[in-house]
Amino acid sequence: MEMNYKSENRQLTITLTGELDHHAAKGLMDSIDRCMEQNLPTKTLLDLGGLTFMDSSGIAVVLRAKRRMEALSGTLVVVNIPRQASRVLETAGLGRYVDLV
Amino acid sequence: MKMKCTNYITLEFLSHSANEGFARGAVACFAAQLDPTLEELGDIKTAVSEAVTNAIVHAYPDRLGKILIKARILEGNILELSVRDWGRGIADVEKARQPLFSTGGEERSGMGFTIMESFMDRLAVRSQEGKGTRVTMRRRIQSRRPVQ
Ligand SMILES: Nc1ncnc2c1ncn2[C@@H]1O[C@H](COP(=O)(O)OP(=O)(O)OP(=O)(O)O)[C@@H](O)[C@H]1O
Ligand SMILES: [Mg+2]
């Protein structure tokens, strides 16, 4: 699991690559928290295009990122969701809480 | 329902989270002989990952323990998986299977059983407090081979 980001005019783009499971999620949540604290974005794009696998651990990662952005009075949009990850997010009904593009 | 088993594997490992990827990958490799589509393989990997993560996180919250996976191929292109632990057990299985029910805090969303149930054809959960849990799932694999 790899995380990269770029920040421009307080728009943060976080790109995830690899497999997002419970093993990876533990460190990833901390990295995303820290990245948001440092860059104080008003909008974050969470780009899942590079994920080759995601399970329910990813749901908690997305929800936590959403709450952090709300605390910063900003917005979160999840983009480039691969098919398998999208099935997981849809089954959880996450579209009701988070912008999935 | 008793069905003839034509092939099986058994996988035993310690509840280190680093083994999550290994477990779903190994089961997917075994399932490949049923000639599944990529989507079917994705569903199987997801279901394995959910069951194994539950054993790691909930069954053995403060120690390492044994996890045993049996994957069987049954007549009619059916994959049967059982994931077993000897951990804490579940007090009320019916309640635990409800969407959003979780004892896991902010890092868990309470969707694991719901995902297993919707990604597989059948899910059975047997558990005893203090003794452990066994999750059994079945999925029929549609053959990809074109009809001649
Ligand atoms: N192997 C197990 N041993 C003990 N308790 C379990 C086991 N599997 C599940 N549970 C209990 O059932 C609850 C529901 O499990 P489920 O997988 O649906 O959600 P979760 O693990 O809490 O969250 P998520 O899977 O979305 O990360 C768990 O919170 C836990 O209390
Ligand atoms: Mg779970």
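The values are calculated or read from the model by the stated rules, or taken from the named source; none is laboratory data. Just so we're clear, the structure is a prediction, and the values are computed from it rather than from any experiment. When we count neighbours, we look across all protein chains shown, and the Cβ atoms used for this are built from the backbone with ideal geometry, even at glycine. The area values use the complete protein model at the heavy-atom level, side chains included, leaving out ligands, DNA and RNA. Shrake-Rupley method; radii C 1.70, N 1.55, O 1.52, S 1.80 Å.
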- the stretch B:85-107, subset assigned to a loop (DSSP other than H, G, I, E, B) and of a type in the set (A, V, I, L, M, F, W, C), residue most open to solvent (accessible area, probe 1.4 Å): B:Leu100
- Query: Hey, any hits in the stretch B:54-63 for a residue that's within 14 Å of chain A (Cβ to nearest Cβ), open to solvent by 30 Å² or more (accessible area, probe 1.4 Å) and in a loop (DSSP other than H, G, I, E, B)?
  - Reply: yes
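Matching residues to (1) more than 14 Å from chain A (Cβ to nearest Cβ); (2) near ligand 1 (Cβ under 9 Å from one of its atoms); (3) farther than 20 Å from A:Asp55 by Cβ:
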residue: B:Val93; (1), (2), (3): yes, yes, yes
residue: B:Leu100; (1), (2), (3): no, yes, no
residue: B:Gly104; (1), (2), (3): no, yes, no
residue: B:Leu123; (1), (2), (3): no, no, no
residue: B:Gln128; (1), (2), (3): yes, no, yes
residue: B:Lys131; (1), (2), (3): yes, no, yes
residue: B:Thr136; (1), (2), (3): yes, no, no
- Quick one: in the stretch B:1-28, of everything that is among the hydrophobic types (A, V, I, L, M, F, W, C), open to solvent by 70 Å² or more (accessible area, probe 1.4 Å) and touching a strand residue (DSSP E or B) at 6+ places or on another chain (Cβ under 9 Å), which residue is farthest from A:His22 (Cα to Cα)? B:Leu14
- Task: Considering every residue within the stretch B:34-46, establish whether at least one is more than 14 Å from every other protein chain (Cβ to nearest Cβ) and part of a loop (DSSP other than H, G, I, E, B).
- Result: yes
- Query: Which condition number in (1) more than 17 Å from A:Asp21 (Cα to Cα); (2) facing chain A (nearest Cβ under 10 Å); (3) within 16 Å of ligand 2 (Cβ to nearest atom) is the one that B:Gly89 fails?
  - Reply: (2)
- Quick count over the stretch B:113-136, residues being open to solvent by 20 Å² or more (accessible area, probe 1.4 Å) and closer than 19 Å to B:Pro36 by Cα, is 4
- Taking B:Glu39 and the conditions (1) in contact (Cβ under 8 Å) with a residue 12 or more places away in the chain; (2) within 19 Å of A:Ala85 (Cα to Cα); (3) open to solvent by 20 Å² or more (accessible area, probe 1.4 Å); (4) away from ligand 2 (no atom under 11 Å from the Cβ), which numbered condition does it fall short on, given that it satisfies the others? (1)
- Scan the stretch A:22-58 residue by residue and report those that are open to solvent by 20 Å² or more (accessible area, probe 1.4 Å), under 23 Å from B:Met111 (Cβ atoms) and outside any helix (DSSP H, G or I). A:Asp47, A:Gly49, A:Gly50, A:Thr52
- Item | Number of the condition not met by B:Arg84 [criteria: (1) closer than 27 Å to A:Leu28 by Cα; (2) within 16 Å of ligand 2 (Cβ to nearest atom); (3) in contact with a strand residue (DSSP E or B) (Cβ under 6 Å, 6 or more places away or on another chain)] | (1)
- Would you call B:Gly110 in a loop (DSSP other than H, G, I, E, B) and open to solvent by 60 Å² or more (accessible area, probe 1.4 Å)? no
- Query: Taking the stretch B:64-84 as the region of interest, how many residues are within 13 Å of ligand 1 (Cβ to nearest atom) and part of a loop (DSSP other than H, G, I, E, B)?
  - Reply: 1
